[in-house]
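Below is one structure; the comments refer to it alone.
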Amino acid sequence: MTANLLDFDLEGLAAFCERLGHKRFRAVQLFRWIHQKGVARFEDMTDLARDLRERLPAVARIQGLPVLTEQASADGTIKWLFDVGDGNAVEAVYIPEDDRGTLCVSSQAGCAVGCRFCSTGHQGFSRNLTTGEIIAQLWYAEHELRRRLGTGERVISNVVMMGMGEPLQNYGALVPALRVMLDDHGYGLSRRRVTVSTSGVVPMMDRLAQDCPVALAVSLHAPNDALRDRLVPLNRKYPLHELLDACLRYLPAAPRDFITFEYCMLDGINDTPQHGQELIALLRGHAGRGVPCKVNLIPFNPFPESGLQRSPRAAVKAFADRLNAAGLVTTIRKTRGDDIDAACGQLAGDVLDRTRVGERLARRGDDLAVVRVHRPVRAAEGSA
């Protein structure tokens, strides 16, 4: 079986070339052809030594992922569905903005965490992606967009590991992929512009701080353990005090001086004034000094199996105002790509449910009923 060179960071590719009898600078050349230029045919890599070019097809390949579908949103967002075999598929989403282009990348086929508000989690977990399958999403998107735009300049300036899966539960494949993204001979992205999102895998947060610290986004979604246990089951293993301690340990190595906390706004579940006050007390008071952070409020994207509803616009704004007034920098995420199911929490792909998550959720389906706050919906509120 030939090696897929998308699986290697530069150090791995250098070791591979050394086994073929070639020095490190040949690996650098090869790495640039693959990632900077998007070339997949060895015969087109004109500055490689001829004997290396002739040897490579027998021992190596550059294999991306087949594109099953592409959908374009009215707002310019593009969603690709990639085939990863055995009936599984993963999704990547490109979000263009005036000052940047962001690619949301998947790390697993499905997700085992099972967050209540996430459609991917309701599909269950199939398998981890390889490093090559993670990088293939960026490799395809970057060079396909360059081709369409007719430019040799970088199109994707930001990568967020916020697609399907919990990245830190696929740590061994994640870190080499991050190194390819950051490498100046690869995509040359700044550590500040590569973000790993996690639901709170505490031991792997500590390892990431040592191995490859990039920007960190933590899926918080609740201000207390009782509610977070219901929304984010991983909280039962790593409760809030352990998670926030890990955030404080991460900060000295982080490229930014704050942690981003993601907070999905759920009508009557976590969006009341009391929840806001609890969140302020939690983030400003933890360990007696608080956690330097930015809070990103995310409008929920409903799907039938969740049994949840999006918080009204007025409730989201009031929640944000309360947090900002207390000194917590708070933003409301603009929903992008929801007309093609590409918005936050909507990525589900074509993943088989191998964890029977639907049955498990049905068994605990009434868990949130006891904490839902019912309020009248005013006609002027509408949806966010």
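None of the figures in this text is laboratory data; all of them are computed from the coordinates on show. As the structure is a prediction and not an experimental result, all values here were calculated from the model. Here Cβ is always computed from backbone atoms with ideal geometry, including for glycine, and neighbour counts include all displayed protein chains.
Neighbouring Cβ atoms within 10 Å as the yardstick, rank 105, 232, 194 fewest first. The partial results should precede the final answer.
Values: 105 28, 232 25, 194 21.
Listing 105, 232, 194 from fewest to most nearby Cβ atoms yields 194, 232, 105.
Kindly flag which residue pairs out of 79/317; 37/294; 37/79 have an alpha-carbon separation exceeding 24 Å in this structure.
Where the Cα-Cα span goes over 24 Å, the pairs concerned are 79/317; 37/294.
Return a whole-number percent for the relative contact order of the chain, with Cα pairs under 8 Å and 6 or more residues apart as the contact set. Show your work: numbers first, answer last.
Values: 758 pairs, mean separation 66.1, N = 384.
It rounds to 17 percent for the chain.
Counting DSSP beta bridges with both partners in region 1-145, what percentage is antiparallel, nearest 5?
Working: 19 of 21 bridges.
So the antiparallel bridges in region 1-145 amount to around 90 percent.
Report the extension gain between residue 86 and residue 43 in nm, rounded to one decimal, defined as 0.36 nm multiplied by the number of residues separating them, less their alpha carbon distance.
Details: separation 43, 0.36 × 43 = 15.48 nm, distance 3.13 nm.
Between residue 86 and residue 43, full extension yields an extra 12.4 nm.
Give me 107, 306 sorted ascending by neighbouring Cβ count inside 10 Å, so fewest comes first. Write out the running numbers ahead of the final one.
Values: 107 27, 306 20.
Final ranking by Cβ density, sparse to dense: 306, 107.
Suppose R0 equals 45 Å. What FRET efficiency, 1/(1 + (r/R0)^6) with r the Cβ-Cβ distance, do residue 59 and residue 149 give to the nearest 0.05? Before the final figure, lay out the partial values.
Working: r = 34 Å, r/R0 = 0.76.
Computed FRET efficiency for residue 59 and residue 149: 0.85.
So for each of 91-97, 254-260 I average, over its residues, the number of other beta carbons within 10 Å; can you give me the resulting order with the highest mean first? Before the final figure, lay out the partial values.
Working: 91-97: 22.3, 254-260: 16.6.
Put in order of decreasing packing, that is 91-97, 254-260.
With each label point set 7 Å from Cα along the Cα-Cβ vector, what nm distance links residue 274 and residue 253?
The modelled label-to-label distance comes out at 3.9 nm.
For the chain, compute Rh as the Kirkwood radius over C-alpha pairs and then the Stokes-Einstein diffusion coefficient at 20 °C and 1.002 mPa s; write the answer in µm²/s, rounded to an integer. Display every interim value, and only then the final one.
Working: Rh = 21.8 Å.
It diffuses with D of about 98 µm²/s by this estimate.
Determine the distance separating the Cα centre of region 83-160 from the Cα centre of region 264-330; give it in Å without decimals.
27 Å
Quote to one decimal, in nm, the extra length available between residue 51 and residue 24 on full extension: 0.36 nm per residue of separation minus the C-alpha distance between them.
Contour length minus Cα-Cα distance gives 8.2 nm.
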